[in-house]
Amino acid sequence: MTYIVALTGGIGSGKTTVSNGFKKIGINVIDSDIIAKKIIKYDDRISFSIKKKFGEKIFNIDKSINLPLLRKYIFNNREYRLWLENLLHPKIHKETINHIKLIKSSWCIWVVPLLVEKKLEKHANRILLIDTPVKNQIQRIIKRDQINFEEASKIITLQATREKRISISDDIIYNKKEIKKIDLYVHYFNIFYSFLAKEHQKKKIKNMKKNYLTKFY
């Protein structure tokens, strides 16, 4: 199985910028958010459950789910948020595993914003954190999502703290303003993770041989 590097970080930290950098050099990227959006868009059972929970108002004119409105609901109501997470998480997890099984390269990036919140650390071989000060997160999501300061602050308080993310991470890219020299970061980590993936594979082969000898001799 391919060596999995989980890329995580709070909202507005710069995860997409970094993951796109890896995509550009040909690294396989599996993004939990993209998988979730596709499930909401194409899974009829999921769409029906969301409609049943929130009513017709959750749909756009073309009958697609209004994602900004759905996000507003879940960030303003803990019950709604937990309900949606419980609805989507099993499907996201299943689809993620299916995507990883298809990868032939030695390592891949798994973008997972809720790595800490959902206690998914054990599913990755290594964790790369995109870290940024809270005030910068707030500024970015206000500009990106066209929301006010109070709404942005509330979203951040619902996520794991910076300290918690840092405590479980192996590698960190500190993004204070805008990530500069992204190509340099990507180049370095590609070399580093390729090396780790190769060493991991050697260790697995060695253990397989050891188990074989133990069993037959």
Original post:
Among Ile50, Ile100, Ile92, which is the only one that is of a type in the set (Val, Ile, Thr), touching a Leu at 6+ places or on another chain (Cβ under 9 Å) and more than 30 Å from Lys176 (Cβ to Cβ)?
Top reply: Ile50
Original post:
Before we move on, is Ile109 modelled with pLDDT under 95 and either hydrophobic (A, V, I, L, M, F, W, C) or touching a Gly at 6+ places or on another chain (Cβ under 9 Å) (or both)?
Top reply: no
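Just to be sure, is Lys104 modelled with pLDDT of 90 or more and basic (Lys, Arg)?
Numbers: modelled with pLDDT of 90 or more: no; basic (Lys, Arg): yes.
For Lys104, the condition - modelled with pLDDT of 90 or more and basic (Lys, Arg) - is not met.
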Original post:
Could you list, in sequence order, the residues of segment 11-64 that are closer than 13 Å to Val186 by Cα, among the hydrophobic types (A, V, I, L, M, F, W, C) and loosely packed, with under 13 Cβ neighbours inside 10 Å?
Top reply: Ile25
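Residue under question is Ile97, and the condition is that it be β-branched (Val, Ile, Thr), surrounded by 14 or more Cβ atoms within 10 Å (Cβ to Cβ) and without any contact (Cβ under 8 Å) to a residue 40 or more places away in the chain; does it hold? Quick ask: steps written out before the conclusion?
Numbers: β-branched (Val, Ile, Thr): yes; surrounded by 14 or more Cβ atoms within 10 Å (Cβ to Cβ): no; without any contact (Cβ under 8 Å) to a residue 40 or more places away in the chain: yes.
Against the criterion (β-branched (Val, Ile, Thr), surrounded by 14 or more Cβ atoms within 10 Å (Cβ to Cβ) and without any contact (Cβ under 8 Å) to a residue 40 or more places away in the chain), Ile97 does not qualify.
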Original post:
Within segment 7-15, is even one residue outside the structural domain of Ala152 (by TED's automatic domain parsing), hydroxyl-bearing (Ser, Thr, Tyr), at pLDDT below 95 and touching a Leu at 6+ places or on another chain (Cβ under 9 Å)?
Top reply: no
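The values are calculated or read from the model by the stated rules, or taken from the named source; none is laboratory data. Just so you know, these numbers come straight off a predicted model, no measurement behind them. A quick note on method: Cβ atoms are made from the backbone with ideal geometry, for glycine too, and the neighbour counts reach across all protein chains shown.
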